[in-house]
2 protein chains.
Amino acid sequence: MNWHELWTASERYAEGKPALPHDAAPSWKLAIVTCMDARIDPVAVFGLHLGQAHVMRNAGGRVSDDVIRSLAVSQGALGTRAVLVMMHTRCGMLGLDPVSLRAPRPGAEPLDFLPLVSLESDLRADLAKIRESAWIYPDTALAGCIFDVDTGRVIPLASHG
Amino acid sequence: MNWHELWTASERYAEGKPALPHDAAPSWKLAIVTCMDARIDPVAVFGLHLGQAHVMRNAGGRVSDDVIRSLAVSQGALGTRAVLVMMHTRCGMLGLDPVSLRAPRPGAEPLDFLPLVSLESDLRADLAKIRESAWIYPDTALAGCIFDVDTGRVIPLASHG
(Lines give C-alpha, C1' and ligand atoms only; values in the text may rest on other atoms or scores of the structure.)
Protein backbone atom coordinates (compact mmCIF):
# COMPACT_ATOMS: atom_id res chain seq x y z
CA MET A 1 0.00 0.00 0.00
CA ASN A 2 1.30 3.44 -0.92
CA TRP A 3 0.55 5.21 2.36
CA HIS A 4 2.44 8.29 1.19
CA GLU A 5 -0.21 8.88 -1.48
CA LEU A 6 -2.90 8.96 1.23
CA TRP A 7 -0.94 11.37 3.44
CA THR A 8 -0.38 13.67 0.46
CA ALA A 9 -4.09 13.66 -0.39
CA SER A 10 -4.90 14.55 3.22
CA GLU A 11 -2.49 17.52 3.07
CA ARG A 12 -4.38 18.86 0.06
CA TYR A 13 -7.63 18.46 2.04
CA ALA A 14 -6.30 20.50 4.99
CA GLU A 15 -4.91 23.18 2.67
CA GLY A 16 -8.43 23.60 1.29
CA LYS A 17 -9.51 24.78 4.76
CA PRO A 18 -12.58 22.58 5.23
CA ALA A 19 -15.47 24.14 7.19
CA LEU A 20 -15.00 22.15 10.40
CA PRO A 21 -17.58 22.96 13.10
CA HIS A 22 -16.24 23.24 16.65
CA ASP A 23 -19.04 21.22 18.21
CA ALA A 24 -19.05 17.40 18.16
CA ALA A 25 -22.85 17.17 18.49
CA PRO A 26 -24.43 16.55 15.05
CA SER A 27 -26.57 19.59 14.13
CA TRP A 28 -29.23 17.44 12.45
CA LYS A 29 -29.36 15.14 15.52
CA LEU A 30 -29.08 12.31 13.00
CA ALA A 31 -27.11 9.05 12.88
CA ILE A 32 -26.79 7.16 9.59
CA VAL A 33 -25.98 3.44 9.65
CA THR A 34 -24.82 1.95 6.37
CA CYS A 35 -22.56 -0.61 4.71
CA MET A 36 -18.78 -0.30 4.34
CA ASP A 37 -19.25 -0.85 0.56
CA ALA A 38 -16.75 1.19 -1.48
CA ARG A 39 -19.51 2.34 -3.87
CA ILE A 40 -21.40 4.16 -1.11
CA ASP A 41 -20.54 7.74 -0.11
CA PRO A 42 -23.28 8.65 2.39
CA VAL A 43 -22.09 12.26 2.64
CA ALA A 44 -22.53 12.72 -1.12
CA VAL A 45 -25.76 10.69 -1.37
CA PHE A 46 -27.52 12.88 1.20
CA GLY A 47 -25.66 16.11 0.42
CA LEU A 48 -24.39 16.33 4.00
CA HIS A 49 -22.19 19.10 5.31
CA LEU A 50 -19.55 18.54 7.99
CA GLY A 51 -21.11 18.45 11.44
CA GLN A 52 -24.63 17.37 10.47
CA ALA A 53 -24.74 13.62 11.13
CA HIS A 54 -22.92 10.70 12.69
CA VAL A 55 -22.10 7.91 10.24
CA MET A 56 -21.67 4.29 11.33
CA ARG A 57 -20.56 1.73 8.74
CA ASN A 58 -19.84 -2.00 8.81
CA ALA A 59 -20.24 -5.09 6.64
CA GLY A 60 -23.85 -5.04 5.47
CA GLY A 61 -24.98 -1.95 7.39
CA ARG A 62 -26.21 -4.38 10.05
CA VAL A 63 -27.44 -3.21 13.45
CA SER A 64 -24.75 -5.14 15.33
CA ASP A 65 -24.04 -4.81 19.05
CA ASP A 66 -21.30 -2.35 18.08
CA VAL A 67 -23.86 -0.19 16.29
CA ILE A 68 -26.05 -0.23 19.42
CA ARG A 69 -22.93 0.84 21.42
CA SER A 70 -22.28 3.65 18.93
CA LEU A 71 -25.93 4.74 18.93
CA ALA A 72 -25.96 4.76 22.74
CA VAL A 73 -23.00 7.18 22.68
CA SER A 74 -24.49 9.15 19.77
CA GLN A 75 -27.77 9.63 21.63
CA GLY A 76 -26.66 9.69 25.28
CA ALA A 77 -23.52 11.82 24.92
CA LEU A 78 -24.09 13.76 21.70
CA GLY A 79 -27.84 14.23 21.54
CA THR A 80 -28.91 12.57 18.29
CA ARG A 81 -32.55 11.49 18.10
CA ALA A 82 -32.97 10.10 14.57
CA VAL A 83 -31.51 6.99 12.93
CA LEU A 84 -31.45 6.10 9.24
CA VAL A 85 -30.37 2.58 8.28
CA MET A 86 -29.35 2.20 4.62
CA MET A 87 -28.62 -1.20 3.08
CA HIS A 88 -27.91 -1.64 -0.62
CA THR A 89 -28.46 -3.81 -3.68
CA ARG A 90 -25.80 -6.36 -4.69
CA CYS A 91 -24.36 -6.30 -1.17
CA GLY A 92 -21.55 -8.78 -0.53
CA MET A 93 -23.43 -9.89 2.58
CA LEU A 94 -26.47 -11.03 0.56
CA GLY A 95 -26.46 -14.80 0.63
CA LEU A 96 -22.88 -14.88 1.92
CA ASP A 97 -21.99 -18.46 2.76
CA PRO A 98 -20.17 -18.22 6.11
CA VAL A 99 -18.46 -21.54 5.40
CA SER A 100 -16.78 -19.97 2.36
CA LEU A 101 -15.03 -17.47 4.64
CA ARG A 102 -12.15 -19.25 6.27
CA ALA A 103 -9.70 -17.56 8.59
CA PRO A 104 -6.27 -17.29 6.92
CA ARG A 105 -4.52 -18.32 10.15
CA PRO A 106 -5.22 -21.05 12.72
CA GLY A 107 -6.93 -20.40 16.04
CA ALA A 108 -9.58 -17.94 14.86
CA GLU A 109 -12.51 -17.40 17.18
CA PRO A 110 -15.86 -18.25 15.49
CA LEU A 111 -17.64 -15.19 14.06
CA ASP A 112 -21.29 -14.56 13.30
CA PHE A 113 -20.95 -12.79 9.95
CA LEU A 114 -24.54 -11.45 10.03
CA PRO A 115 -25.17 -12.34 6.37
CA LEU A 116 -28.23 -10.88 4.66
CA VAL A 117 -31.00 -13.16 3.44
CA SER A 118 -33.51 -10.60 2.17
CA LEU A 119 -32.70 -6.87 2.09
CA GLU A 120 -36.22 -5.80 2.94
CA SER A 121 -36.94 -8.18 5.80
CA ASP A 122 -33.43 -7.93 7.29
CA LEU A 123 -33.67 -4.13 7.18
CA ARG A 124 -37.04 -4.22 8.95
CA ALA A 125 -35.64 -6.60 11.58
CA ASP A 126 -32.65 -4.31 12.16
CA LEU A 127 -34.93 -1.27 12.55
CA ALA A 128 -36.92 -3.26 15.10
CA LYS A 129 -33.69 -4.07 16.95
CA ILE A 130 -33.00 -0.34 17.29
CA ARG A 131 -36.58 0.44 18.34
CA GLU A 132 -36.56 -2.27 21.01
CA SER A 133 -33.14 -1.54 22.53
CA ALA A 134 -33.33 0.01 26.00
CA TRP A 135 -30.28 2.11 25.01
CA ILE A 136 -32.34 3.99 22.42
CA TYR A 137 -34.42 7.01 23.43
CA PRO A 138 -38.17 6.34 23.03
CA ASP A 139 -38.70 9.54 20.98
CA THR A 140 -36.19 8.44 18.31
CA ALA A 141 -37.24 8.96 14.68
CA LEU A 142 -36.38 5.92 12.58
CA ALA A 143 -36.14 5.29 8.86
CA GLY A 144 -34.82 2.62 6.52
CA CYS A 145 -33.88 2.75 2.85
CA ILE A 146 -32.07 0.80 0.17
CA PHE A 147 -29.32 2.26 -2.04
CA ASP A 148 -29.24 0.98 -5.62
CA VAL A 149 -25.52 0.65 -6.46
CA ASP A 150 -26.29 0.61 -10.20
CA THR A 151 -28.33 3.82 -10.43
CA GLY A 152 -27.33 5.70 -7.28
CA ARG A 153 -30.99 5.93 -6.28
CA VAL A 154 -32.27 5.64 -2.72
CA ILE A 155 -35.49 3.72 -2.18
CA PRO A 156 -37.17 4.68 1.14
CA LEU A 157 -38.64 1.63 2.81
CA ALA A 158 -39.98 2.70 6.17
CA SER A 159 -40.00 5.81 8.29
CA HIS A 160 -41.66 7.12 11.38
CA GLY A 161 -41.18 10.18 13.53
CA MET B 1 -36.70 14.49 11.48
CA ASN B 2 -37.51 15.71 8.00
CA TRP B 3 -36.94 12.49 6.08
CA HIS B 4 -38.35 14.05 2.92
CA GLU B 5 -35.38 16.44 2.79
CA LEU B 6 -33.00 13.47 2.80
CA TRP B 7 -34.90 11.62 0.05
CA THR B 8 -34.92 14.79 -2.08
CA ALA B 9 -31.15 15.24 -1.63
CA SER B 10 -30.63 11.63 -2.68
CA GLU B 11 -32.67 12.21 -5.88
CA ARG B 12 -30.35 15.06 -6.80
CA TYR B 13 -27.39 12.73 -6.21
CA ALA B 14 -28.78 10.06 -8.57
CA GLU B 15 -29.64 12.67 -11.22
CA GLY B 16 -25.96 13.69 -11.18
CA LYS B 17 -25.13 10.20 -12.50
CA PRO B 18 -22.38 9.26 -10.02
CA ALA B 19 -19.56 7.10 -11.44
CA LEU B 20 -20.55 3.86 -9.73
CA PRO B 21 -18.18 0.95 -10.46
CA HIS B 22 -19.84 -2.41 -11.13
CA ASP B 23 -17.43 -4.38 -8.97
CA ALA B 24 -17.82 -4.55 -5.17
CA ALA B 25 -14.11 -5.30 -4.58
CA PRO B 26 -12.28 -2.09 -3.56
CA SER B 27 -9.75 -1.23 -6.29
CA TRP B 28 -7.17 0.01 -3.76
CA LYS B 29 -7.59 -3.19 -1.69
CA LEU B 30 -7.92 -0.82 1.26
CA ALA B 31 -10.22 -0.67 4.30
CA ILE B 32 -10.40 2.50 6.38
CA VAL B 33 -11.60 2.31 10.00
CA THR B 34 -12.59 5.60 11.59
CA CYS B 35 -14.93 7.33 14.01
CA MET B 36 -18.61 8.13 13.37
CA ASP B 37 -17.83 11.79 14.22
CA ALA B 38 -19.86 14.21 12.09
CA ARG B 39 -16.79 16.35 11.39
CA ILE B 40 -14.98 13.52 9.57
CA ASP B 41 -15.55 12.84 5.87
CA PRO B 42 -12.99 10.12 5.07
CA VAL B 43 -13.81 10.21 1.35
CA ALA B 44 -12.95 13.92 1.19
CA VAL B 45 -9.95 13.70 3.55
CA PHE B 46 -8.23 11.09 1.37
CA GLY B 47 -9.64 12.25 -1.97
CA LEU B 48 -11.24 8.85 -2.56
CA HIS B 49 -13.25 7.95 -5.63
CA LEU B 50 -16.18 5.55 -5.51
CA GLY B 51 -14.99 1.96 -5.51
CA GLN B 52 -11.54 2.46 -4.03
CA ALA B 53 -11.90 1.60 -0.34
CA HIS B 54 -14.17 0.05 2.27
CA VAL B 55 -15.03 2.41 5.12
CA MET B 56 -15.95 1.16 8.60
CA ARG B 57 -17.08 3.68 11.22
CA ASN B 58 -18.18 3.47 14.84
CA ALA B 59 -17.91 5.41 18.10
CA GLY B 60 -14.21 6.17 18.49
CA GLY B 61 -12.96 4.34 15.41
CA ARG B 62 -12.26 1.42 17.75
CA VAL B 63 -11.27 -2.02 16.48
CA SER B 64 -14.32 -3.71 17.99
CA ASP B 65 -15.37 -7.30 17.33
CA ASP B 66 -17.72 -5.90 14.67
CA VAL B 67 -14.77 -4.26 12.91
CA ILE B 68 -12.93 -7.61 12.96
CA ARG B 69 -16.08 -9.20 11.44
CA SER B 70 -16.19 -6.50 8.76
CA LEU B 71 -12.45 -6.82 8.05
CA ALA B 72 -12.80 -10.61 7.75
CA VAL B 73 -15.47 -10.08 5.06
CA SER B 74 -13.49 -7.23 3.46
CA GLN B 75 -10.38 -9.40 3.17
CA GLY B 76 -11.84 -12.90 2.75
CA ALA B 77 -14.68 -12.09 0.35
CA LEU B 78 -13.58 -8.83 -1.28
CA GLY B 79 -9.80 -9.05 -1.37
CA THR B 80 -8.60 -6.03 0.62
CA ARG B 81 -5.09 -6.32 2.07
CA ALA B 82 -4.47 -2.93 3.75
CA VAL B 83 -6.10 -1.33 6.79
CA LEU B 84 -5.88 2.28 7.92
CA VAL B 85 -7.22 3.14 11.39
CA MET B 86 -7.90 6.85 11.90
CA MET B 87 -8.85 8.26 15.31
CA HIS B 88 -9.23 11.99 15.95
CA THR B 89 -8.59 14.84 18.37
CA ARG B 90 -11.39 15.99 20.71
CA CYS B 91 -13.18 12.65 20.27
CA GLY B 92 -16.29 12.16 22.40
CA MET B 93 -14.85 8.80 23.48
CA LEU B 94 -11.76 10.41 25.05
CA GLY B 95 -12.19 10.13 28.78
CA LEU B 96 -15.86 9.22 28.41
CA ASP B 97 -17.21 8.26 31.81
CA PRO B 98 -19.33 5.14 31.16
CA VAL B 99 -21.30 5.82 34.35
CA SER B 100 -22.49 9.12 32.82
CA LEU B 101 -24.18 7.21 30.01
CA ARG B 102 -27.38 5.80 31.37
CA ALA B 103 -29.86 3.87 29.28
CA PRO B 104 -33.06 5.89 28.79
CA ARG B 105 -35.22 2.81 29.40
CA PRO B 106 -35.08 0.03 31.99
CA GLY B 107 -33.65 -3.41 31.31
CA ALA B 108 -30.65 -2.38 29.21
CA GLU B 109 -27.90 -4.97 28.79
CA PRO B 110 -24.54 -3.69 30.10
CA LEU B 111 -22.32 -2.29 27.33
CA ASP B 112 -18.55 -1.88 27.12
CA PHE B 113 -18.35 1.58 25.57
CA LEU B 114 -14.67 1.20 24.61
CA PRO B 115 -13.78 4.71 25.82
CA LEU B 116 -10.41 6.16 24.78
CA VAL B 117 -7.80 6.95 27.42
CA SER B 118 -4.92 8.09 25.21
CA LEU B 119 -5.32 8.49 21.44
CA GLU B 120 -1.82 7.33 20.66
CA SER B 121 -1.63 4.27 22.91
CA ASP B 122 -5.22 3.18 22.20
CA LEU B 123 -4.56 3.49 18.46
CA ARG B 124 -1.42 1.36 18.76
CA ALA B 125 -3.32 -1.24 20.81
CA ASP B 126 -6.10 -1.35 18.18
CA LEU B 127 -3.56 -1.80 15.36
CA ALA B 128 -2.05 -4.68 17.37
CA LYS B 129 -5.52 -6.21 17.72
CA ILE B 130 -5.84 -6.24 13.92
CA ARG B 131 -2.31 -7.63 13.42
CA GLU B 132 -2.90 -10.43 15.92
CA SER B 133 -6.36 -11.54 14.75
CA ALA B 134 -6.36 -14.91 13.00
CA TRP B 135 -9.05 -13.48 10.67
CA ILE B 136 -6.54 -11.01 9.18
CA TYR B 137 -4.24 -12.05 6.32
CA PRO B 138 -0.58 -12.10 7.41
CA ASP B 139 0.48 -9.94 4.42
CA THR B 140 -1.85 -7.08 5.45
CA ALA B 141 -0.38 -3.56 5.28
CA LEU B 142 -1.35 -1.56 8.37
CA ALA B 143 -1.28 2.13 9.24
CA GLY B 144 -2.65 4.41 11.92
CA CYS B 145 -3.19 8.16 11.95
CA ILE B 146 -4.92 10.90 13.90
CA PHE B 147 -7.26 13.48 12.32
CA ASP B 148 -7.12 16.95 13.84
CA VAL B 149 -10.74 18.18 13.85
CA ASP B 150 -9.61 21.80 14.24
CA THR B 151 -7.23 22.01 11.28
CA GLY B 152 -8.33 19.11 9.07
CA ARG B 153 -4.78 17.74 9.15
CA VAL B 154 -3.91 14.03 9.32
CA ILE B 155 -0.97 13.04 11.52
CA PRO B 156 0.44 9.63 10.47
CA LEU B 157 1.40 7.64 13.53
CA ALA B 158 2.50 4.22 12.37
CA SER B 159 2.63 2.31 9.11
CA HIS B 160 4.15 -0.86 7.75
CA GLY B 161 3.79 -2.77 4.48
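The values are calculated or read from the model by the stated rules, or taken from the named source; none is laboratory data. Note that this is a predicted model, so its numbers are computed, not measured. Cβ placement follows ideal geometry from the backbone for every residue including glycine, while neighbour counts extend to all protein chains displayed.
Looking at B:MET93, B:MET56, which is the one that is more than 21 Å from A:ASP41 (Cα to Cα), buried (at least 24 other Cβ atoms within 10 Å of the Cβ) and touching a Leu at 6+ places or on another chain (Cβ under 8 Å)? If you could, list the steps in order and put the result at the bottom.
On the way: B:MET56 fails: more than 21 Å from A:ASP41 (Cα to Cα).
After applying the criteria, what remains is B:MET93.
Need the failing condition index for A:ALA134 against (1) buried (at least 17 other Cβ atoms within 10 Å of the Cβ); (2) free of Cβ contacts under 8 Å to residues at least 40 places away in the same chain, just the number.
With respect to (1) buried (at least 17 other Cβ atoms within 10 Å of the Cβ); (2) free of Cβ contacts under 8 Å to residues at least 40 places away in the same chain, A:ALA134 is out only on (1).
Among strands (runs of 3 or more DSSP E) lying entirely in region A:51-161, which contain 2 or more residues that are at pLDDT below 95?
Numbers: elements: A:53-58, A:82-88, A:141-147, A:154-160.
Hits in region A:51-161: A:154-160.
Take region A:99-112 and flag every residue that is more than 10 Å from every other protein chain (Cβ to nearest Cβ) and not β-branched (Val, Ile, Thr). Write out each step before concluding.
Our first condition is that a residue be more than 10 Å from every other protein chain (Cβ to nearest Cβ); within region A:99-112, this holds for A:99, A:110.
A:PRO110 - this is the single residue of region A:99-112 that is more than 10 Å from every other protein chain (Cβ to nearest Cβ) and not β-branched (Val, Ile, Thr).
Give me a count of the residues in region B:126-141 that are within 17 Å of B:VAL33 (Cα to Cα), facing chain A (nearest Cβ under 9 Å) and hydrophobic (A, V, I, L, M, F, W, C).
The total comes to 3.
Go through (1) facing chain A (nearest Cβ under 7 Å); (2) over 14 Å from B:ILE32 (Cα atoms); (3) in contact with a helix residue (DSSP H, G or I) (Cβ under 7 Å, 6 or more places away or on another chain) for B:PRO115 and report which single condition fails.
Here B:PRO115 meets the rest and fails (1).
Tally up the residues in region A:4-43 that are in contact with a Cys (Cβ under 9 Å, 6 or more places away or on another chain), within 7 Å of another protein chain (Cβ to nearest Cβ) and closer than 27 Å to B:SER74 by Cβ, please. Explain how you work it out, then say what you get.
Going residue by residue through region A:4-43, those that are in contact with a Cys (Cβ under 9 Å, 6 or more places away or on another chain) are A:6-7, A:10, A:24, A:35, A:37.
This time we only want the ones that are within 7 Å of another protein chain (Cβ to nearest Cβ), so: A:6-7, A:10, A:24, A:37.
Keeping just the survivors that are closer than 27 Å to B:SER74 by Cβ gives A:6-7, A:10, A:37.
Qualifying residue count, region A:4-43: 4.
Could you please find all residues in region A:1-37 being buried (at least 18 other Cβ atoms within 10 Å of the Cβ) and in contact (Cβ under 8 Å) with a residue 40 or more places away in the chain?
Of everything in region A:1-37, those that are buried (at least 18 other Cβ atoms within 10 Å of the Cβ) and in contact (Cβ under 8 Å) with a residue 40 or more places away in the chain turn out to be A:ALA24, A:PRO26, A:TRP28, A:LYS29, A:LEU30, A:ALA31, A:ILE32, A:VAL33, A:THR34, A:CYS35, A:ASP37.
Exactly one of these conditions fails for B:VAL73: (1) within 7 Å of chain A (Cβ to nearest Cβ); (2) surrounded by fewer than 23 Cβ atoms within 10 Å (Cβ to Cβ); (3) not small (Gly, Ala, Ser). Give me its number.
Just one mismatch for B:VAL73, condition (2).
Residues are listed down the side, and each one gets a yes or a no for (1) among the charged types (D, E, K, R); (2) farther than 16 Å from B:MET56 by Cβ:
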site	(1), (2)
A:THR34	no, no
A:ALA38	no, no
A:LEU71	no, no
A:GLN75	no, yes
A:CYS91	no, no
A:ARG102	yes, yes
A:GLU109	yes, yes
A:LEU127	no, yes
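I'm told B:ALA141 meets every condition in (1) of a type in the set (A, V, I, L, M); (2) touching a helix residue (DSSP H, G or I) at 6+ places or on another chain (Cβ under 7 Å); (3) under 15 Å from B:LYS29 (Cα atoms) except one. Can you identify the failing condition by its number?
(2)
Identify, by number, the condition in (1) more than 24 Å from A:PRO21 (Cα to Cα); (2) surrounded by 24 or more Cβ atoms within 10 Å (Cβ to Cβ); (3) within 7 Å of chain A (Cβ to nearest Cβ) that B:VAL63 doesn't meet.
The failed condition is (3).
Could you check, for region A:146-154, whether at least one of its residues is in contact with a Phe, Trp or Tyr (Cβ under 8 Å, 6 or more places away or on another chain) and more than 7 Å from every other protein chain (Cβ to nearest Cβ)? Explain how you work it out, then say what you get.
The initial filter retains those residues of region A:146-154 that are in contact with a Phe, Trp or Tyr (Cβ under 8 Å, 6 or more places away or on another chain), namely A:152-154.
Filter once more, keeping what is more than 7 Å from every other protein chain (Cβ to nearest Cβ): none.
For region A:146-154, residues in contact with a Phe, Trp or Tyr (Cβ under 8 Å, 6 or more places away or on another chain) and more than 7 Å from every other protein chain (Cβ to nearest Cβ): absent.
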